[in-house]
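So the structure is just underneath, and the comments pick up after that.
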Amino acid sequence: MNNQTLTMGRPRFVFPRLSFQAVIQKAYEAAKGYERSCTGCAQSTVAGLLDAFEIQNEDVFKAASGLADGIGLSGQGACGGLIGSSMIIGLMLGRDYKDHQNLLAPMKSYRLSKKIYQSFIEKYGSCRCYDIQTRLMGRTYNLMDPKDLKEAIQTGMINHCSEVVGWAAQRTAEIILSEQNRLSLTDYPVKMIGKLAGAILRRWG
């Protein structure tokens, strides 16, 4: 599986030859580093995955800016690592605007987004930001409150969140690459039959 060209089924997602493990490791390190230095879990996850897959998309990165800490720093919604991961799955394998009326077109992105959701449940017991905070730090923090924000920083919240974000990006990269490998294996026999038929026609046609 190493050193394969990664093609996500659309012309804009054709990548250079990289090992799968290199992409996965880059996703982890980049997302974790962004969260540690910049914060904003959804954007950090998006940025790490964009870097790992060598995609430039300012619009998707910017769209994730209000989704940190359970959306709007509320703590009540899903972790930004999960949201950012689902955004990249949708970007790379989701339904296009021209297919909006096709009810089946987004099924692949639904299935893969559910995989990262299930991974959160297995690892943290929940995808809710406050639940993950409690699991990792023993309590929740209202990051809109200056006092809570200061305490959160002092007690190492950035380190905890960086690890969550890095893991989320890593797991999402694994999910995307596994799907791509599955599609490549499925397409291979069809391509070979097509090449064989073409050769026969050229020889005997």
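The residue among A30, S65, I55 whose Cα reaches farthest toward the positive pole of the charge dipole of region 26-71, with charges on the beta-carbon of Lys, Arg, Asp and Glu, is A30. In terms of its C-alpha gyration tensor, region 36-98 has an oblate overall shape, because the principal axis ratio a/c (a ≥ b ≥ c, square roots of the eigenvalues) is not below 1.5 and a/b does not outweigh b/c.
Most tightly packed first, judged by the mean number of other beta-carbon atoms within 10 Å of their residues, the peptides 91-98, 68-75 read 68-75, 91-98.
Highest average first, the peptides 116-124, 144-152, 157-165, 100-108 ordered by how many other beta carbon atoms sit within 10 Å of their residues are 157-165, 116-124, 144-152, 100-108. Shape of region 4-193 from the C-alpha gyration tensor: prolate (a/c of 1.5 or more and a/b above b/c, with a ≥ b ≥ c the square roots of its eigenvalues). Projecting the Cα positions of L112, I89, Q76 onto the charge dipole of region 73-119 (unit charges on Cβ atoms of Lys, Arg, Asp and Glu, taken about the Cα centre) puts L112 furthest along the positive direction.
In plain terms, the residue of V60, V46 with the fewest other Cβ atoms within 10 Å comes first and the most crowded comes last, giving V60, V46.
All alpha carbon pair distances within region 91-179 were sorted into 5 Å bins beginning at 0; the resulting P(r) in whole percents reads 3, 12, 18, 17, 14, 12, 10, 8, 4, 1. Pairwise Cα distances in region 68-135 exceed 18 Å in 44 percent of cases.
None of the figures in this text is laboratory data; all of them are computed from the coordinates on show. Everything numeric in this text was worked out from a predicted model, so none of it was measured. Neighbour counts run over all protein chains shown; Cβ positions are idealised from the backbone, glycine included.
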